[in-house]
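Undergrad: Pasting in a structure now, in structure tokens, and then I'll have a few things to ask.
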Amino acid sequence: MKIALIGYGKMGKMIEQIALDRGHEIVSIIDIDNQQDFDSPEFASADVAIEFTAPQVAYGNYLKAWAKGVKVVSGSTGWLKDHGDDVRKACSEDGKTLFWASNFSIGVAIFSAVNRYLAKIMNQFPQYDVEMEETHHVHKLDHPSGTAITLAEEIVERIDRKEAWAEDTTDPKLLRVDNIRRGEVPGIHTIRYDSEADLITITHDAHSRKGFALGAVLAAEYTKEHQGLLTISDMFKF
């Protein structure tokens, strides 16, 4: 498979190595200083572009890739509020393809499935209050993480006593989501159900970015053969 990379930071470099190890070809690498390469024949030859950049440029990158007939896999977060409807229309009506996930880790996909199932069970036990904590490296500026938001929305959708999620809240109707920034932590997400009698905790602790990078390459392999707006739940049938 021919892959283009959009964004060439730590994640982009790790994706490159894993893609090469799996027998794929990197035909184009686009970063801040060579945006003109979106118009290159090498970029247009890609089956899929894997995009890990910043919220303010992600949607524009999708448009540039789609204009060249290239499908996109993206882990960029923060663009949904302003451009979610546009992306859904492009994928449902205009024949474009985007595989988007807030986290591509296989372990997080499994953790998310456990989270959904546990929330469904805990909806029956109002004596348990639920809260979440996410920890990331000091270079991560956004909070809460996109993964935490996804997990929180899964909980709110399944637990009737929670109306929404919020940071720094004491409102019992809201799911509290705390964030910590320290060191070089790749990502830790913890969900706690606490009662007077006991505490139930589930945690996903990433040892490195390798799991995210592998998941992105697997998503690219899946995307090559599919179209539309795709998610982790399409690839992994948990």
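Undergrad: Return yes when Thr169 is free of Cβ contacts under 8 Å to residues at least 24 places away in the same chain and farther than 23 Å from Gly75 by Cβ and no when it is not. Let's see the steps before the verdict.
TA: Details: free of Cβ contacts under 8 Å to residues at least 24 places away in the same chain: yes; farther than 23 Å from Gly75 by Cβ: yes.
Here the answer is yes, as Thr169 does meet what is asked.
Undergrad: Also: What number of residues in region 184-213 are modelled with pLDDT of 95 or more and of a type outside the set (Lys, Arg)?
TA: First, pick out the residues of region 184-213 that are modelled with pLDDT of 95 or more: 188-205.
Among the residues that remain, those that are also of a type outside the set (Lys, Arg) are: 188-191, 193-205.
The qualifying residues number 17.
Undergrad: To continue, here is another question. Just give me the residues in region 18-44 being loosely packed, with under 15 Cβ neighbours inside 10 Å and touching a residue at least 40 places away in the same chain (Cβ under 8 Å), in sequence order. Give the derivation first.
TA: Our first condition is that a residue be loosely packed, with under 15 Cβ neighbours inside 10 Å; within region 18-44, this holds for 20-23, 25, 31-36, 39, 41-42.
Result: Arg22, single match.
Undergrad: Read through the list (1) among the charged types (D, E, K, R); (2) at pLDDT 95 or above; (3) over 20 Å from Ile232 (Cβ atoms), then give the number of the only condition that Lys71 fails.
TA: It is condition (3) that Lys71 fails.
Undergrad: Can you confirm whether Glu153 is surrounded by 13 or more Cβ atoms within 10 Å (Cβ to Cβ) and more than 23 Å from Met11 (Cβ to Cβ)? So that I can check it myself, show each step before the final result.
TA: Numbers: surrounded by 13 or more Cβ atoms within 10 Å (Cβ to Cβ): yes; more than 23 Å from Met11 (Cβ to Cβ): yes.
Yes: the conditions hold for Glu153.
Undergrad: Would you be able to tell me the number of residues in region 188-207 that are in a loop (DSSP other than H, G, I, E, B) and open to solvent by less than 50 Å² (accessible area, probe 1.4 Å)? It would help to see each step written out before you state the result.
TA: Residues of region 188-207 in a loop (DSSP other than H, G, I, E, B): 195-198, 206-207.
Add one more test, that the residue is open to solvent by less than 50 Å² (accessible area, probe 1.4 Å), and what stays is 195, 206.
Matching residues across region 188-207 total 2.
Undergrad: Which one of these is within 14 Å of Arg192 (Cα to Cα) and among the aliphatic types (A, V, I, L, M): Val114, Val108? Don't jump to the end; show me each part of the working.
TA: Numbers: Val108 fails: within 14 Å of Arg192 (Cα to Cα).
The match here is Val114.
Undergrad: Further question on the same structure: Can you confirm whether Leu5 is over 25 Å from Gly211 (Cα atoms) and of a type in the set (A, V, I, L, M)?
TA: Numbers: over 25 Å from Gly211 (Cα atoms): no; of a type in the set (A, V, I, L, M): yes.
No; evaluated as a whole, the condition is false for this residue.
The values are calculated or read from the model by the stated rules, or taken from the named source; none is laboratory data. As the structure is a computational prediction, the values presented were derived from the model and not from experiment. Methodologically, a virtual Cβ is constructed for each residue, glycine included, from the backbone with ideal geometry; neighbour enumeration extends over all protein chains shown. Each accessible area value is taken on the protein alone, full model and side chains, heavy atoms only, with ligands, DNA and RNA left out. Shrake-Rupley method; radii C 1.70, N 1.55, O 1.52, S 1.80 Å.
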